[in-house]
Ligand SMILES: NC(=O)c1ccc[n+]([C@@H]2O[C@H](COP(=O)([O-])OP(=O)(O)OC[C@H]3O[C@@H](n4cnc5c(N)ncnc54)[C@H](OP(=O)(O)O)[C@@H]3O)[C@@H](O)[C@H]2O)c1
């Protein structure tokens, strides 16, 4: 099969043996696979020895083989899923991808090309909100709210009864129905004007660190999406932690239902053929892009 892996100067297309599913695993024939910031960073070698050559986390496709001990999904089912380890030699930017069955959920009613764009990002939003542990009525700053993780975090936080203030880069706009501020100089002041004393928590999907933490009230909570980087200092009793998303069929099943109901905002992505991964990665790396990028074999 054909797969895109990390080469000396970025993503390269190679011919490799088809991977076989082991115990508890399924093999998926890829219909579409998103190109996320983690792929761009991996292709640039930013994770060094922490990452294998495999590229691609998200996938939507059809199960074409199952390993021993799998009680679902079955061969022929349309599914979404994502790999959650950095080290594999192969990822989802391939014609076939092997995942743990527990990291895969049925998605029979979704357009697979759109569906390939949310498993990792919306799971990060869901699991990040779990990690923050705020209560209904609490206020939450979401940075990077025009991006994929931030947009899903804002949507899911509103559904959890949180009072969301979003932060977006000037001119980026905001697609979720919440107040928002633009990240011009001194923007945490604008957040504190909306949430006097500071917000109860921050979901820092833009990776702004100490600046985002500055908008949090004393003894509030801060969440980073960059688990391989140091957390900002826990000033003023603010609890700081990072989320590292993992494939969880229960969460993915909820997200599939929200996407099918139109609650989760899943825009039409830009498509690139697997053979033109170089262009896809270049496009995905452009700031202010707004739309997701997918590879289609
Ligand atoms: N921990 C995990 O498990 C996990 C999982 C998925 C993603 N992530 C990480 O989460 C982050 C967001 O991912 P994503 O897919 O949502 O990326 P994305 O779609 O590119 O969104 C990031 C958003 O943050 C904005 N932003 C970046 N720097 C900014 C700055 N200095 N000031 C204001 N806004 C800024 C970007 O604006 P511009 O486009 O204008 O730059 C964009 O709107 C990435 O770092 C990714 O690696 C972590």
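The values are calculated or read from the model by the stated rules, or taken from the named source; none is laboratory data. Because the structure is predicted, anything quoted here is derived from the model rather than measured. No Cβ is skipped: glycine too gets one built from the backbone with ideal geometry, and neighbour counts run over all protein chains shown.
Listing for the model above:
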{"quantity": "Failed condition for residue 189, given (1) without any contact (Cβ under 8 Å) to a residue 60 or more places away in the chain; (2) within 12 Å of the ligand (Cβ to nearest atom)", "calculated": "(2)"}
{"quantity": "Residues located in segment 40-51, provided they are in a helix (DSSP H, G or I) and more than 9 Å from the ligand (Cβ to nearest atom)", "calculated": "42, 43, 48, 49, 50"}
{"quantity": "Residue, surrounded by the most Cβ atoms within 10 Å (Cβ to Cβ), within segment 283-297, restricted to residues that are modelled with pLDDT of 95 or more and more than 14 Å from residue 36 (Cβ to Cβ)", "calculated": "297"}
{"quantity": "Residue among 197, 207, 201, 262 that alone is within 22 Å of residue 137 (Cβ to Cβ), assigned to a loop (DSSP other than H, G, I, E, B) and either outside the structural domain of residue 94 (by TED's automatic domain parsing) or modelled with pLDDT of 95 or more (or both)", "calculated": "197"}
{"quantity": "Criterion violated by residue 111 - all others in (1) in the same structural domain as residue 19 (by TED's automatic domain parsing); (2) touching a residue at least 40 places away in the same chain (Cβ under 8 Å) satisfied", "calculated": "(2)"}
{"quantity": "Strands (runs of 3 or more DSSP E) completely within segment 83-143 that count 2 or more residues being in contact with a helix residue (DSSP H, G or I) (Cβ under 7 Å, 6 or more places away or on another chain)", "calculated": "104-106, 139-143"}
{"quantity": "Segment 287-297 - residue that is more than 8 Å from the ligand (Cβ to nearest atom) and assigned to a loop (DSSP other than H, G, I, E, B) and, of those, nearest to residue 118 (Cα to Cα)", "calculated": "291"}
{"quantity": "Filtered residues of segment 8-21 (kept if at pLDDT 95 or above and loosely packed, with under 13 Cβ neighbours inside 10 Å)", "calculated": "15, 17, 20"}
{"quantity": "Unique residue being near the ligand (Cβ under 10 Å from one of its atoms) and either in contact (Cβ under 8 Å) with a residue 40 or more places away in the chain or within 18 Å of the chain's Cα centre (by Cα) (or both) when the list is 175, 151, 159", "calculated": "151"}
{"quantity": "Any hit, segment 62-71, residues being over 14 Å from residue 249 (Cβ atoms), within 16 Å of the ligand (Cβ to nearest atom) and not in a loop (DSSP other than H, G, I, E, B)", "calculated": "no"}
{"quantity": "Residue list for segment 210-230, restricted to those being under 13 Å from residue 244 (Cα atoms) and assigned to a loop (DSSP other than H, G, I, E, B)", "calculated": "225, 226, 227, 228, 229"}
{"quantity": "Of all residues in segment 122-141 being under 15 Å from residue 240 (Cα atoms) and more than 8 Å from the ligand (Cβ to nearest atom), the one that is nearest to the chain's Cα centre (by Cα)", "calculated": "129"}
{"quantity": "Residue 280 touching a helix residue (DSSP H, G or I) at 6+ places or on another chain (Cβ under 9 Å), within 16 Å of the ligand (Cβ to nearest atom), at pLDDT 95 or above and outside the structural domain of residue 126 (by TED's automatic domain parsing)", "calculated": "yes"}
{"quantity": "Top-ranked residue in segment 226-250 [being closer than 12 Å to residue 123 by Cα and within 9 Å of the ligand (Cβ to nearest atom); ranked as nearest to the chain's Cα centre (by Cα)]", "calculated": "245"}
{"quantity": "Residue 225 being over 27 Å from residue 291 (Cβ atoms), crowded, with 17+ Cβ neighbours inside 10 Å and outside the structural domain of residue 286 (by TED's automatic domain parsing)", "calculated": "no"}
